[in-house]
Structure formats: C-alpha cells, structure tokens
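Values quoted throughout were computed directly from the atomic coordinates according to the rules given, and no laboratory measurement underlies them. Small disclaimer: the values here were computed from a predicted structure and weren't measured. Quick reminder, even Gly has a Cβ in these numbers, built from the backbone with ideal geometry, and neighbours come from all protein chains shown.
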C-alpha cells in the first residue's frame, strides 16, 4: 500500500480489443493485490486478486500479473465488451493490516 | 442477503450542521471502513475499525469521527459540515482471514 498509482487514468478501447491497467505501489511489505470494478452509481466490487507467492492469475477474460521486484501489478482484460466499461481500482495491501488504501482509479470505456 | 446497508442514500445539508451517516452489516465481519469518493474517482479512506471497540484514522480523517460500539454498526459523523465534505461516502466491511472488501451502495452528501 502507501503510495499507490494507477496508469492510465482513462482508457478507451474498441470492443473486442484488450485493455491493460497498471498499478504501482511503494510498500515492499504488500502481499495481497486485488482489483475492484465500480459500475456507475454502485460501490466497488472485487473482480480478481492475487497473492505474492503467485505471478499470474486468470479468470475467464480477466487476468492479473504481478512483478514484486518492480512493485507493480497489472489488470488485463481481453475481448472487451461494453459491460466492461467502468472505473477500476487496485488496492495493494499487507495481510493482517487494516489500512486498506485504493489506487487513483482508471476509467475504462469500451466503444461499441 | 442484505450485506452492507447505508443510510441515507442522499442528503442535502446546510454548512455547520451535524450529520451522521449510518452503516450496518449483517455478515459479522470484523473490519469496517469509511471512504469518500470525489468526482467519480479516487476512493480515500477516512476511518476504519478492525474490531468492535477500536477505530483508526485513514488518509483524510479531519472533520469526521466514528464509533464502533458493536460488530454490525459503524456510523460516520460530521460534527460541523463544510462544503468540501460534499462527496459520495462508501462504507465497507471485510471478514477475518480474507482480503475482500464488501461495499455498500453509497451515501451522496451535498453541503451547501
């Protein structure tokens, strides 16, 4: 956790293309790396997460990759669909701590 | 299953007034959180509680107070509201041993 940045802040892709969002953090003690999706007018919802003993995790069209040495992890969405349009947040943190800090957010627009 | 319930969903408030945002969860989660979200991006942690009877300060605690008298309830109080506290407020909870946050639907507060 601590300083958490996401890039890009906005991303527009054509339907069917892939989207990648990167999250950079500063706390080397971080060992849990989730991604949340927030649809308009709703609270964020967990879509995928990874722990530090794993380098990559996939769930259908979404995947998360982790580079602990460089202190960043990324969300990958393949074959994007209009319903993927939302704001995405990362929230790297350390198990057992309760200060749950979110990244700056990325607004994804999937153009039909 | 209700999950997290926030009230009110929306409120307009005169500056200087006191306001309490209510949050109740029925999942028996130990940890609870309050975030504010401005301009549709950027979740910032206000206060958190890792168990009933304890609270902690987040990134932006000034002007807010919380209490955690029991497991289910985590109210957020603005003692004397100011226009800069105009925001959408989200309450969240997390079970012990898991990393996932569960969010409420948010409370939109406008301070005039």
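Output the direction-averaged projected area (hull surface divided by four) of the convex hull of the alpha-carbon atoms of chain A, in nm².
Mean projected area for chain A: 6.6 nm², to one decimal.
Can you give the Rg to Rh ratio of the stretch A:47-112, both from alpha-carbon atoms, with Rh computed by the Kirkwood formula?
0.99
Distance in nm between label sites at residue B:105 and residue B:11, each 7 Å beyond Cα in the beta-carbon direction?
1.7 nm
Can you compute the FRET efficiency between residue A:15 and residue A:104 using 1/(1 + (r/R0)^6), with r the Cβ-Cβ distance and R0 = 25 Å? Round to the nearest 0.05.
The pair residue A:15/residue A:104 has a calculated efficiency of 0.45.
So, in nm, how far is label residue B:51 from label residue A:60 when the simple model puts each one 7 Å beyond its Cα toward the Cβ?
Result: 3.8 nm between the two label points.
Please report the spacing between the Cα centers of the stretch B:6-22 and the stretch B:37-112 in Å, no decimals.
Taking the Cα centre of the stretch B:37-112 as reference, the centre of the stretch B:6-22 is 13 Å away.
Given the Cα-Cα distance of residue B:84 and residue B:44 and 0.36 nm per residue of separation, how much length would full extension add, in nm?
13.0 nm
What FRET efficiency comes out for the pair residue B:77/residue B:112, r = Cβ-Cβ distance, R0 = 22 Å, nearest 0.05?
Efficiency, rounded to the nearest 0.05: 0.70.
Taking only Cα atoms and a 10 Å spring cutoff, compute GNM fluctuations for chain A and point out the largest among A:66, A:75, A:46.
A:46
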